Amino acid sequence: PDRYGDDWQAIRKLVYFRDGFICQDCGISMDDYGRPLDIHHKIPFLFSGDNSLGNLITLCRKCNSKIGTKIIK
């Protein structure tokens, strides 16, 4: 099983489609290295256990890292 639950792959697809396969921060469709986009938990799953669509957003790797660094601080 995935660390976010057995239904994580299906949830990820829903978020990608909802967000049009576009980073919701910078607007690109894949990062500078051609890697696919990430799904980001607005409130970290570790604290919330929340995989609801309202807690998830599509981000490129660069924006996801930038936001993750802010959360850690």
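Here are the numbers for the structure shown:
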| quantity | calculated |
| --- | --- |
| Subset of the stretch 55-73 that is at pLDDT below 90 and open to solvent by less than 50 Å² (accessible area, probe 1.4 Å) - its residue that is farthest from Ile22 (Cα to Cα) | Gly68 |
| Considering residues of the stretch 19-54 that are in a helix (DSSP H, G or I) and touching a residue at least 40 places away in the same chain (Cβ under 8 Å) only, the residue least open to solvent (accessible area, probe 1.4 Å) | Phe45 |
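The values are calculated or read from the model by the stated rules, or taken from the named source; none is laboratory data. These figures come from a predicted structure and were not determined experimentally. Glycine gets a Cβ as well: all are built from the backbone with ideal geometry, and neighbour counts include every protein chain shown. Calculation scope for accessible area: heavy atoms of the full protein, side chains included, ligands and nucleic acids excluded. Shrake-Rupley method; radii C 1.70, N 1.55, O 1.52, S 1.80 Å.
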